[in-house]
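A short worksheet on the structure shown next.
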Amino acid sequence: MIRTTHPPRRWLLPIWLPLALALVLAACGGGSDSGDDNPADSDNQASVASELFAAKGCAACHGADGDGTDNAPTSLAGTRMIIQQFQTRVRNGRGSAMPAHTPDQISDDEIRILYDWLRESE
Ligand code: HEC
């Protein structure tokens with residue numbers, strides 16, 4: 001009677017091996033995915049923001065990274081402004097030194113993207 005336990009074991013092995021392999025592969029795959037995605041996402045956000053900064057003309061006065069030029073010496077990188085101040089400045093401009101920007105020229109969402117990017121850069 002004891003020997004009858006052997007056939008079931010032989011049948012179970014082919015089932016468990018692929019299952020165990022699948023679990024290991026799923027764990028490894030998931031781990032490396034999330035590890036790679038986060039830096040890639042923030043890299044993408046930064047390059048979207050810096051392209052926007054150039055496309056909207058900000059970079060011409062404020063420098064490619066917003067850290068200032070002779071035209072606009074104050075660095076925007078690492079700004080301590082709150083978003084409302086930042087947005088008001090972009091909307092109203094600054095005297096003759098900086099042009100005003102209408103929502104057609106740059107949307108609130110785009111201003112937010114620039115703000116988040118500048119605030120987090122040095
Ligand atoms: C024609 C040049 C010019 C352009 C284009 C320009 N700026 Fe400015 N900006 C200035 C000048 C000059 C100042 C005054 C501060 C200074 O001297 O650096 C200023 C000030 C600012 C300030 C306030 C900084 C502070 O600390 O008071 C913000 C925010 C700002 N600009 C954002 C932007 C953004 C975003 C864009 C693009 C949508 C933009 N600017 C486009 C010239 C410009």
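Brief remarks follow.
- Figure legend. Inter-residue proximity from the stretch 85-109: first residues of a type in the set (A, V, I, L, M), second residues assigned to a helix (DSSP H, G or I) and more than 8 Å from the ligand (Cβ to nearest atom), beta-carbon distance below 8 Å, spacing 6+ or different chains. Indicated pairs: ALA100/ARG91; ALA100/ASN92.
- Within the stretch 71-100, if we keep just the residues that are in a helix (DSSP H, G or I) and more than 8 Å from the ligand (Cβ to nearest atom), the residue that is farthest from ASN44 (Cα to Cα) turns out to be ASN92.
- Scoring HIS62 on the criteria (1) more than 11 Å from the ligand (Cβ to nearest atom); (2) buried (at least 17 other Cβ atoms within 10 Å of the Cβ) leaves a single failure, condition (1).
- ARG112 within 18 Å of the chain's Cα centre (by Cα) and at pLDDT 95 or above: yes
- All positions within the stretch 29-64 that are within 19 Å of the chain's Cα centre (by Cα) and either modelled with pLDDT of 95 or more or hydrophobic (A, V, I, L, M, F, W, C) (or both): ALA40, ALA46, VAL48, ALA49, SER50, GLU51, LEU52, PHE53, ALA54, ALA55, ALA64
- Of all residues in the stretch 101-122 being assigned to a loop (DSSP other than H, G, I, E, B) and more than 10 Å from the ligand (Cβ to nearest atom), the one that is farthest from LEU52 (Cα to Cα): GLU122
The values are calculated or read from the model by the stated rules, or taken from the named source; none is laboratory data. If you're wondering where the values come from, they're calculated on a predicted model, not measured in any experiment. No Cβ is skipped: glycine too gets one built from the backbone with ideal geometry, and neighbour counts run over all protein chains shown.
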